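In what follows, a structure is listed as structure tokens, so that the remarks can point back to it.
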Amino acid sequence: MFIFFNSLKQQNKSFFWFIVHVLLGASATISAFPMIIFFYVALGYSFINLFTINAAERPRLIAEIIIYFASFEALGRLAESDPFIPYELGKYILLFLCPLGILLSRNQTAKGMIGLVILILSIPAVMFDESNQVSFNDIKFNLLGLLNIGVAIWFFSTLNLKLKTLISWSKPLVYPIISVLIFTIIRTPNLDEVEFTLGANFATAGGFGSNQVSTILGLGVFVIAVAILLNYRISGYKWLDGILLGLFTIQGLLTFSRGGMIGGFIAIFVVMFYLTKLSVKERMALRIPNFKKFILPVGILLFIVMMAANLITGGMLLLRYMGETQGTLTGSAEKNLNKITTNRSDIFMEDVDLFLDHSMLGVGVGASTYMRDEYKGYAPHVELSRLIAEHGLLGLIIFSLFIVVYFLNKGYAPESISKGILIALFLLGFLATFHSATRTYITPLLMGISCVNIGTMAKRKKTIRKKGNAKGNSIAVNRFKLQTADTEENLPA
């Protein structure tokens with residue numbers, strides 16, 4: 001039987017699926033229905049696959065369904081496809097499918113129990129409202145992201161994968177984001193007509209929230225850059241992946257929303273740092289080229305793209321990343337942390353005041369929006385401040401558990417490359433909470449994926465060596481190939 005995700009990950013079909021998602025993004029600028037039809041046909045067929053494959057493979061297929069279809073959330077928002085594709089699609093998919101995966105996996109871990117504790121600690125703040133103004137939509141908007149982090153950590157920590165399987169997930173993760181890239185490029189007016197100021201730019205974000213679009217595009221920059229470093233083809237061609245990296249970067253920069261792009265660059269540097277720790281023998285075994293030879297060309301490419309973007313914006317881009325505003329340039333306002341963070345630091349401090357006044361259980365989910373003084377009516381932008389203001393000490397414990405998960409991921413990853421990728425995924429999701437709270441699927445999904453358990457190369461080498469010796473062959477051959485990850489990891493029909 002045809003397995004949808006096998007085809008999606010196969011290298012010889014990469015260009016085909018790349019074109020499909022380019023067309024989905026382009027067609028969505030005219031009508032959302034082609035994308036909606038594709039979404040439900042693919043989702044329905046994937047669930048059919050779920051019941052036809054071996055039971056042992058179902059948890060992994062559920063993870064791939066979550067990764068791919070949750071990533072349609074951003075395109076759905078841009079194309080205004082709600083209610084056919086719900087506005088918070090990613091959160092609903094995670095909340096429904098992660099518990100299903102937990103039931104099917106039956107592989108409980110200590111890390112997974114942290115996810116369960118997060119779920120339990122998030123409940124008390126739902127039961128009261130110090131503002132007397134919180135609606136059901138407020139609760140849903142503020143709580144679903146936190147619940148998703150809990151179930152994602154719990155479910156993904158039950159999965160035991162090979163590194164090449166994790167690498168192959170880059171395709172279902174980034175293909176829908178390629179659709180978002182195409183949508184925003186087509187919807188961007190002639191750049192000569194765009195008025196660039198020192199604030200977020202909605203025109204270059206497809207007419208939607210630039211902060212969320214920048215976060216999505218920053219994830220695209222990270223995935224494409226890491227694929228290039230690992231010699232893994234997303235589009236099927238290295239030169240086309242290079243073009244994609246340039247397009248993701250320039251479009252993300254032109255949104256003038258900094259958090260998503262900065263997070264993507266930090267995550268790339270994390271992976272590069274851990275790649276430097278690989279020995280020559282490990283790199284040869286993994287078929288990873290010497291990434292150092294990519295530093296100069298990639299650095300030149302990014303420098304050219306950033307300079308081009310700065311010229312396009314009349315120098316405004318550089319000023320924006322320096323934290324300047326119209327007021328600071330004219331001298332009518334002082335350049336301080338609040339100006340640099342677009343009022344996020346003052347909102348944070350007001351949330352801290354609420355925490356000090358209601359330190360035990362907080363003010364209740366969604367109530368902080370209505371109880372601040374100067375920034376009343378503003379939704380929280382930093383998840384840490386929302387947690388402590390609305391959940392009190394329990395929120396502080398929840399945030400501390402995020403840090404525990406980070407160190408567990410760092411401590412249990414077997415090799416440098418595995419450690420680098422898992423840490424980068426966690427940081428990319430975690431850093432997004434400091435500028436977008438949990439408004440998108442990215443934070444719970446990436447923090448969840450970072451919790452998977454990766455098998456060691458050492459065990460695989462030992463097994464192959466034993467097989468070789470049994471056949472009278474003294475040479476151990478490591479067949480770990482990133483290029484063939486999808487063909488060796490096919491789900492059985």
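Numbers at a glance
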{"quantity": "Computed [θ] at 222 nm, deg cm²/dmol, the chain (DSSP H ≥ 4; -39,500 (n - 2.57); rounded to nearest 500)", "calculated": "-20500 deg cm²/dmol"}
{"quantity": "In nm, spacing of pseudo-spin labels at PHE273 and LEU240 (7 Å Cα→C-beta vector)", "calculated": "3.4"}
{"quantity": "Nearest-0.05 FRET efficiency for ALA56 and TYR412, computed from C-beta distance (R0 25 Å)", "calculated": "0.65"}
{"quantity": "Relative contact order of segment 31-162, pairs being alpha-carbon contacts under 8 Å that are 6 or more residues apart, as %", "calculated": "29"}
{"quantity": "Rounded to 10°, Cα long-axis angle of helix 238-254 versus longest principal axis of the chain", "calculated": "10"}
{"quantity": "Selected from PHE96, SER179, MET272, residue furthest toward positive end of dipole (the chain; charges at beta carbon)", "calculated": "MET272"}
{"quantity": "Highest average packing first - 142-154, 198-210, 182-194, Cβ atoms within 10 Å", "calculated": "142-154, 198-210, 182-194"}
{"quantity": "Protection proxy ranking of 228-239, 315-326 - average other beta-carbon atoms within 10 Å, highest first", "calculated": "228-239, 315-326"}
{"quantity": "C-alpha long axis of helix 14-28 to longest principal axis of the chain, angle in °", "calculated": "20"}
{"quantity": "Per residue Cα convex hull volume in Å³ - calculated over segment 153-246", "calculated": "126"}
{"quantity": "Solvent-accessible area, 1.4 Å probe, carbon plus sulfur percent, for segment 212-267", "calculated": "73"}
{"quantity": "Relative contact order (%) - segment 303-443, alpha-carbon pairs under 8 angstrom, separation at least six", "calculated": "17"}
{"quantity": "Rule-of-thumb Rg ratio for segment 1-148 [Cα; 2.2 N^0.38 Å; N residues]", "calculated": "1.23"}
{"quantity": "Positive minus negative residues near SER416 (Lys, Arg vs Asp, Glu; Cβ under 11 Å)", "calculated": "+1"}
{"quantity": "Separation of the LEU393 and ASN107 label points, Cα + 7 Å toward Cβ, nm", "calculated": "3.8"}
{"quantity": "Dipole magnitude of segment 2-131, debye to nearest 20 (Cβ charges: Lys/Arg +1, Asp/Glu -1, about Cα centre)", "calculated": "620"}
{"quantity": "In Å², nearest 10: area of ILE403 left accessible to a 1.4 Å probe", "calculated": "60"}
{"quantity": "Over 18 Å between alpha carbons, listed pairs LYS9/LYS91; LYS171/LYS281; LYS277/LYS410; LYS91/LYS140; LYS164/LYS293; LYS238/LYS293", "calculated": "LYS9/LYS91; LYS171/LYS281; LYS164/LYS293"}
{"quantity": "P(r) histogram, all alpha-carbon pairs of the chain included - 20 Å bins from 0, percent", "calculated": "23, 57, 19, 1, 0"}
{"quantity": "Difference of contour (0.36 nm per residue) and Cα-Cα distance, GLN133 to LEU337", "calculated": "70.4 nm"}
{"quantity": "All-pairs alpha carbon distance profile, segment 278-381, 5 Å steps from 0, percent", "calculated": "2, 10, 12, 10, 10, 9, 9, 9, 10, 10, 7, 1"}
{"quantity": "Segment 236-276 pair-distance distribution - Cα-Cα, 10 Å bins, rounded %", "calculated": "26, 42, 31, 1"}
{"quantity": "Alpha carbon Rg of segment 91-218, scaled by the compact-globule rule 2.2 N^0.38 Å", "calculated": "1.41"}
{"quantity": "Given charges at beta-carbon only (K, R positive; D, E negative), |dipole| of the chain in Debye", "calculated": "3380"}
{"quantity": "Angle in degrees between helix 110-122 and the longest Cα principal axis of the chain, rounded to the nearest 10", "calculated": "20"}
{"quantity": "Label-point separation, MET322 to ILE403 (7 Å along Cα→Cβ), nm", "calculated": "3.5"}
{"quantity": "Euclidean distance of C-alpha centroids, segment 135-170 and segment 103-122, integer Å", "calculated": "11"}
{"quantity": "Mean separation of Cα contacts under 8 Å, 6 or more apart, over the residue count of the chain: relative contact order %", "calculated": "22"}
{"quantity": "Difference of contour (0.36 nm per residue) and Cα-Cα distance, ASN160 to LEU23", "calculated": "45.9 nm"}
{"quantity": "Full-stretch length increase - ILE120, ILE304 - with 0.36 nm per residue and alpha-carbon distance subtracted", "calculated": "61.4 nm"}
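The values are calculated or read from the model by the stated rules, or taken from the named source; none is laboratory data. In this text the structure is predicted, and so the values were computed from the model without any measurement. A quick note on method: Cβ atoms are made from the backbone with ideal geometry, for glycine too, and the neighbour counts reach across all protein chains shown. Heads up: the accessible areas ignore ligands, DNA and RNA and are worked out on the full protein's heavy atoms, side chains in. Shrake-Rupley method; radii C 1.70, N 1.55, O 1.52, S 1.80 Å.
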